[in-house]
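The next block holds one structure in the form of structure tokens; read it before the comments.
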Amino acid sequence: MTRARIALLAEVLALATAAVLAPAALACPRGYSYAGLYGPAKASGVAATISMLDQPLVSGPSSHVAGWVGVGGPGLGPHEEDEWLQVGLATFGDSTDGRLYYELAQPGRPPEYTELASGIKPGQKLRVAVMELPFVRNLWIVVTPMGIAGPFYLPRSHRAWEPVATAESYAETKQCNRYGYRFGRLQLARPDGTWQALRRASTLQDPGWRLRRHGSSAFSATSA
């Protein structure tokens, strides 16, 4: 092989390697994707200690990443309306810090996002929970280090939903979001208000995520 061909081959390999390693070359599906766990049975609440593993990198001003626990979901309310309550950490495309928030969706109303704190840093652990009030059906509260929010009325929610603990990514472009969350001390609420550790759970893992279990009641979810 001539020196000219060797030089050309080296240049081609260098360009190919750069294309593979360059973040801008990575393509991800638009829209929502998830990685987490959901309970095997209906529960009256869910709690976890959530932290960011690294500083998130979110592509696009309307994109976001989040790690949250919650109940309900799109089409899971009365007459297949949207109904849910979730609490956790989120980062949006206009910043790199984490924000403590909760989100409420009630039938017939658009979802409401409420920010409780900002400036959350990687490694900072926050204990959060959503739970139905003991002995008061369909009334739910959010519990965070900032206090208690609610109660919120969620019709027909009593013992209706399997609890979820998940990381979430929303990408408005095909450029990938970068993120990592850890969930620890996952617990489920009983109807009497007592809590039990999450012992069994099913896995939710969309393409583009890495999910790692740390025992029965903890896991981490990161971008692939």
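Observations
- The alpha-carbon atoms of the range 72-224, seen along their principal axes, cover 43, 35, 30 angstrom, with the largest extent given first.
- For the range 17-147, the Cα-based Rg and Dmax, in that order, read 16.7, 61 Å.
- Helical runs (DSSP H, four residues minimum) scored at -39500 (n - 2.57) apiece and divided by the length of the chain put the mean residue ellipticity at 222 nm at -3000 deg cm²/dmol.
- In order through the range 94-107: 3J(HN,Hα) via Karplus (6.51 cos²θ - 1.76 cosθ + 1.60), integer Hz, x for Gly, Pro: 8, 7, 10, 8, x, 10, 7, 8, 9, 10, 10, 10, 10, x
- Distance between modelled label sites at ARG213 and ARG109, nm, 7 Å Cα→Cβ extension: 3.8 nm
- CYS176 long-range amide H proximity, modeled H, under 5 Å: CYS28
Where a number appears in this text, it was derived from the coordinates with a stated rule and is not lab data. On a predicted model such as this, the values are computed, not experimentally measured, just so you know. Cβ sites come from the backbone with ideal geometry, for glycine too, and all protein chains shown count toward neighbours.
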